[in-house]
Each structure stands twice: as C-alpha cells, then as structure tokens.
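Please read the structure below before turning to the comments.
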Amino acid sequence: MAERPYIVGNWKMNGTRAMLSEARAIDRAAQRHMKVEVALAPPYTLIHAVHREVEQIGVGAQDCHPGTDGAFTGDISASMLADAGAKFVIVGHSERRMGHGESNELVRQKAQAALSASMRVIMCCGEDAETRKAGRAIQFVTEQLTASLPEMADAAEKLTVAYEPIWAIGTGNNATPADITEMHREIRALLVKLYGEEQGKAVRILYGGSVKPENAREILSADEVGGALVGGASLTADSFMGIALAAGDPLDN
Ligand code: PEP
C-alpha cells in the first residue's frame, strides 16, 4: 500500500453553482495536504465548473452510460464526461444498483466504457443488512465483484474498488475496522486472482459508509484500507478535509 491514501467525495444529487466555493476550499486545503490524494464527484451539471475551479484535486462523475453516443435521451457517455473534465467514473454504486435496477453485467459494461475513454474507474460493491446478518457478506461481495469487474488488459491499473456496505451508507452506522479489513482482504485475494499478483496488489480498496471526521482515523488506519469514498461528509470542505487530514495522519498499529 505504497500509494497515498485516496479520499473521494461523492456529492450525489446535491449541489448547484453556489457550492463551487466548497470545491474551491477543498482544493486549497488539498494543496496543503499532499500526503493524501483528494477527489470529488459532483453531479454532472457541476463537473465542468468544478474542473475549471480547481488545481489539485481530481474531478470525476458518479455514473456513465455504457455506450459511446447515440439515441439515449438523458444519458451521458464516458467520453462526454472526459470532455467535461472528469478523470474518473464511479460505477455500481448501490443507489444505482438498487434505485435504477443496474445489474452486475451493466456495471461491468459501464466500467469498460470508462476505461475505453481513458478514465479511471471506482467500482462499488457491498452487501445489504440481511446478507450480512445471514453470514453471507463475503460470498455476496465476491460474486458481485467477479461479475462486475472489467476484463480489459489495462483494467487493474486504472481501477479502484470501494467496499460500501449498504446498511452503512448514510445511516451513521459504519462497519467496524475488523469487518472492513476482513472484507478488504477477501477483495484483495479476488483482485490478485483476476489480475495477477502485481496488478491485483496495486488496486486501491476504499471503504465507504458513514465515514466522518470523528471515525476516519480509526477506519483509515485499518489494514488494507487505501482510502474512503465519502457521501454526506463530503458536502462541506470542513468535514471532508477533516477526513482527508485523518488519512494523512494514521494511527500507529
Ligand atoms: C456513499 O454513498 O458512497 C457513502 C459512502 O455515503 P455516506 O458517506 O453518506 O454514508
């Protein structure tokens, strides 16, 4: 885990141009904390504006269409996002898988479309509360990822995986560091199996689900945690950069 911790904010369906000041403040703070790689995924409508306002942080999108162009009213392709300034795409977020019925196969196609447009991919995965209670979380996530991960030759170098248990998203109930490490080790083993030792070990694995400045240090210090995907707490520079600061100053294990 030699790379800098990667802290990514997902603004979801939040933000108008009035929030560009937060993006600027996040960017300024990120310039002072280069030990951490910081990125933001604003809504589509702000990607270009955020891209123009910032110097340091990465800018990405929250989703893309699997195709390149055509008659798909309301959809946006990966190359259009790249043209607007996005450098990465989040795919397979549980709010897309559940709210929009996205299958593993569709998520895989979206990831491949993003890679074909020379973008990085953040591939989300995670189980619901019932699956965890039934003791099937690891099996579920392994199967979900196996069916969602892209197969292209250079996939692993541009890939980040985000483990986001659904029951932890937006609930205030984060997973324990021990549970996160257990799941991330399984994900690592799968990545090595799919992409080989060197490539599989280079993929960063983020945790997402109710990460806040108060719990960030403990979560981000856990073994195999390469950073965080942050929803609610990424909406203000203060809370988001509180998390980024914790990432740059881990606990001694
Ligand atoms: C998310 O939706 O990716 C997320 C992690 O949300 P939150 O941080 O609000 O739980």
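The values are calculated or read from the model by the stated rules, or taken from the named source; none is laboratory data. Everything numeric in this text was worked out from a predicted model, so none of it was measured. Cβ atoms come from the backbone with ideal geometry, glycine included; neighbour counts cover every protein chain shown. For accessibility, only protein heavy atoms count, side chains too; no ligands or nucleic acids. Shrake-Rupley method; radii C 1.70, N 1.55, O 1.52, S 1.80 Å.
Any idea how many residues of segment 94-115 are touching a residue at least 24 places away in the same chain (Cβ under 8 Å), open to solvent by less than 20 Å² (accessible area, probe 1.4 Å) and within 15 Å of the ligand (Cβ to nearest atom)?
Residues in segment 94-115 being touching a residue at least 24 places away in the same chain (Cβ under 8 Å), open to solvent by less than 20 Å² (accessible area, probe 1.4 Å) and within 15 Å of the ligand (Cβ to nearest atom): 2 in total.
Across segment 1-47, what is the total count of residues that are away from the ligand (no atom under 16 Å from the Cβ), under 19 Å from Thr160 (Cα atoms) and not in a strand (DSSP E or B)?
6
If I ask for residues that are within 12 Å of the ligand (Cβ to nearest atom) and either open to solvent by less than 20 Å² (accessible area, probe 1.4 Å) or assigned to a helix (DSSP H, G or I) (or both), which ones from segment 232-253 would you list?
Correct list: Gly232, Ala233, Ser234, Ser239, Phe240, Ile243.
Please pick out the residue among Glu151, Glu186 that is open to solvent by 50 Å² or more (accessible area, probe 1.4 Å), modelled with pLDDT under 95 and either within 16 Å of the ligand (Cβ to nearest atom) or not basic (Lys, Arg) (or both).
Result: Glu151 is the single residue among Glu151, Glu186 that is open to solvent by 50 Å² or more (accessible area, probe 1.4 Å), modelled with pLDDT under 95 and either within 16 Å of the ligand (Cβ to nearest atom) or not basic (Lys, Arg) (or both).
Can you tell me which residue among Thr176, Thr146, Thr171, Thr160 is within 16 Å of the ligand (Cβ to nearest atom), of a type in the set (S, T, N, Q), touching a residue at least 12 places away in the same chain (Cβ under 8 Å) and open to solvent by 30 Å² or more (accessible area, probe 1.4 Å)?
Thr171
Can you confirm whether Ser221 is over 18 Å from Gln62 (Cα atoms), within 16 Å of the ligand (Cβ to nearest atom), surrounded by fewer than 24 Cβ atoms within 10 Å (Cβ to Cβ) and of a type in the set (Gly, Ala, Ser)?
Judged against the criteria, Ser221 is not a match.
Just for helices (runs of 4 or more DSSP H) wholly inside segment 106-219: which have at least 3 residues that are under 24 Å from Arg4 (Cα atoms), within 18 Å of the chain's Cα centre (by Cα) and of a type outside the set (A, V, I, L, M, F, W, C)?
Where helices (runs of 4 or more DSSP H) fall fully within segment 106-219 and carry at least 3 residues being under 24 Å from Arg4 (Cα atoms), within 18 Å of the chain's Cα centre (by Cα) and of a type outside the set (A, V, I, L, M, F, W, C), they are 177-195.
Going by the structure shown, is Leu81 touching a strand residue (DSSP E or B) at 6+ places or on another chain (Cβ under 9 Å), crowded, with 23+ Cβ neighbours inside 10 Å, over 23 Å from Leu191 (Cβ atoms) and not small (Gly, Ala, Ser)?
Yes, satisfied.
Going through Asp63, Asp75 one at a time, which residue ends up being in a loop (DSSP other than H, G, I, E, B) and either open to solvent by less than 60 Å² (accessible area, probe 1.4 Å) or aromatic (Phe, Trp, Tyr) (or both)?
Asp63
Any idea which of Ala86, Ala29 is farther than 25 Å from Gln144 by Cβ, at pLDDT 95 or above and of a type in the set (A, V, I, L, M, F, W, C)?
One residue alone meets the criteria, Ala29.
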